[in-house]
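First comes the structure, then the notes that go with it.
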Amino acid sequence: MSVIPASSRIGALWQQRMQSMREYSVVRDGNAFEAGFSHSVIFSSEYDRARMYLDTLLDRHEGLAFETIFRGKEIVNEGGTCFALESRQGYSFPSLDSDQLKARLLGDLTLVHGIGPAIRKRLNARGYHSIPDLLEHPCFRQQAKTVLSSICGGDSSAIMDLAGSRHSRSHPSVLGAATLHEPEDFVFLDIETLGLFSRPIILFGIGVVECGHLIVHQYLLRDIAEEQAALIATMDLVSGDRSALVTFNGKSFDFPYLMDRLAYYGLGYPATIPHFDVLHFSRRRWKGQFPSLRLAVLEREVLNVSREDDVPGQMVPEFYESYLRSGNPGPLVPIVEHNRQDVVSLALLFSFLLEEAYGGC
């Protein structure tokens, strides 16, 4: 089947809308005050480089066909057609010690409702040092029994809910629930959209672990009309055999956005699975150490990954609009690579945090 032409009616309508709906501000370099109070900013030098890069891409790929640039395959499902890309690289998931998590949980008396720091201190003085000890306590034994059942049940969702409700969603015990999963359980998700809310998703990136490799599946829209097919293909991976989701700021953005687009097409929601948002754990681990906690900053400072010829995430809609308007596939090149690297860095950062906190001997 041939590629849907970039001048389709739906694509043309979105071109018109995007031209008047830019959702970021350009500020002069070093203007930390304005950058700190704007919801989304790009420094002027970064913006100028991106615009020059866009012109270079259009010149470099003029007259080239989509299939010449992107070596993938067309997939067909009940939602229509979309284009699938796949890449892989070696990926060593750390050996984790779930016993560390169990010991941490069993020693945390504050997981029992009604026990705060002050009461815990008094209980310690009376010889209650673990949750099993509380099974002999006249007031807390029933609550302790319930908590102990959750801890020993091996259900990561139950442990995340328990630790998150008594502490915070960035607590080490919440992260530690990941030690109850096999590497193949995790699905790493990142999306590229045409804006911040209720606009099409134009690229879906999904990473999975198989046989010592991280395989990144990407579903790229050649036209806005392909979004439904790409959504269905994505949800087949997210809600299939994989039993844990990993994102970066996905609890606030990626996953709600995905649910909004599923609702737009009247598609069903996936089954609820544990969701590890790496941004929350990163904030706890590196708050105040770096100028920001964006994924691009963390991958540079923590993982020693440096991107070249990257497109700022805020400018993805403009690059995509240039593709729709011109039919030139060049502007899609950095969008695809940006998304792929986001998925890879997400997986590497998640592994780093887990190994640091729960690495085995």
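The values are calculated or read from the model by the stated rules, or taken from the named source; none is laboratory data. Just so you know, these numbers come straight off a predicted model, no measurement behind them. Neighbour counts are summed over all protein chains in view; Cβ atoms, including those assigned to glycine, are modelled from backbone coordinates with ideal geometry. What goes into the accessible areas is simple: the full protein's heavy atoms, side chains included, and nothing from ligands, DNA or RNA. Shrake-Rupley method; radii C 1.70, N 1.55, O 1.52, S 1.80 Å.
Listing for the model above:
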{"read-out": "From S130, S170, residue being at negative phi and touching a residue at least 60 places away in the same chain (Cβ under 8 Å)", "value": "S170"}
{"read-out": "Single match in F188, F197, F204, F248 (criterion: among the aromatic types (F, W, Y) and modelled with pLDDT under 95)", "value": "F197"}
{"read-out": "Count - residues of region 317-328 that are within 16 Å of Q218 (Cα to Cα) and surrounded by fewer than 22 Cβ atoms within 10 Å (Cβ to Cβ)", "value": "0"}
{"read-out": "Residue selected from region 296-336 under the condition over 18 Å from the mean Cα position of the chain (by Cα) and small (G, A, S), by the criterion farthest from H61 (Cα to Cα)", "value": "S306"}
{"read-out": "Residues (open to solvent by 10 Å² or more (accessible area, probe 1.4 Å) and under 28 Å from G154 (Cα atoms)) located in region 237-258", "value": "L237, S239, G240, D241, R242, S243, F248, N249, K251, S252, F255, P256"}
{"read-out": "Residue check, I115 open to solvent by 30 Å² or more (accessible area, probe 1.4 Å) and among the hydrophobic types (A, V, I, L, M, F, W, C)", "value": "no"}
{"read-out": "Residues of region 298-316 that turn out to be more than 17 Å from F43 (Cβ to Cβ) and surrounded by fewer than 20 Cβ atoms within 10 Å (Cβ to Cβ), as a count", "value": "8"}
{"read-out": "Selection count where residues are crowded, with 18+ Cβ neighbours inside 10 Å and free of Cβ contacts under 8 Å to residues at least 40 places away in the same chain, scope region 282-295", "value": "1"}
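Rundown of residues vs (1) open to solvent by less than 50 Å² (accessible area, probe 1.4 Å); (2) hydrophobic (A, V, I, L, M, F, W, C); (3) modelled with pLDDT under 95, yes/no style:
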residue: L134; (1), (2), (3): yes, yes, no
residue: F140; (1), (2), (3): yes, yes, no
residue: K145; (1), (2), (3): no, no, no
residue: L148; (1), (2), (3): yes, yes, no
residue: G153; (1), (2), (3): no, no, yes
residue: I159; (1), (2), (3): yes, yes, no
residue: L162; (1), (2), (3): yes, yes, no
residue: T179; (1), (2), (3): yes, no, no
